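Every number in this text was worked out from the coordinates using simple rules, so none of it is lab data. From a predicted model like this one, the values you see are computed outputs, not experimental measurements. Because the Cβ atoms are built from the backbone with ideal geometry, glycine has one as well, and the counts that use them run over all protein chains shown.
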Amino acid sequence: MIKPFEVIAVFYKDEEGYYQAYSLNVEGAISYGETLEEARVNIKEAIEGVIRTALDKDLSDYFSHEDYKSRAGEIVETIKIDRKLQVAVSIKIAREKAGYTQRDFGKKLGLTQQSISRYEKGLIIPAADKFLEFLEA
């Protein structure tokens with residue numbers, strides 16, 4: 001079973017004293033802030049923006065599960081994102097890792113391709129038992 005998607009961000013202070021931030025597992029999500037707290041807020045917004053765009057346009061390979069060992073001076077944190085987005089990405093990753101199209105995944109679960117698409121875009125959230133069924137599939 002695939003575990004629910006978690007977003008990881010890396011923060012580091014640059015030469016000018018700003019905190020730079022990027023996500024390890026949301027491709028293209030980068031930001032910065034004058035303080036660490038500002039960088040946290042900004043990277044969360046960037047991450048959620050990239051996720052919404054990737055899900056809306058049904059883009060593949062924007063999300064991954066990655067282990068990362070921090071380097072000196074880096075801060076690595078889990079970023080709590082909107083639950084709808086977390087569930088949507090988790091379903092998309094589960095389907096893609098299993099090698100299914102939305103249509104095939106829907107057939108396996110007794111759902112239409114359109115239903116799978118709505119789940120993956122975060123338009124609807126499955127009940128807990130259905131969500132676990134998605135991850136197990």
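Overview of values
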item: The chain, relative contact order [Cα under 8 Å, separation at least 6], %; result: 26
item: Between the stretch 1-44 and the stretch 74-134, the Cα center-to-center distance that results, in Å; result: 23
item: Check: the chain dipole with +1 on Lys, Arg Cβ and -1 on Asp, Glu Cβ, in debye; result: 820
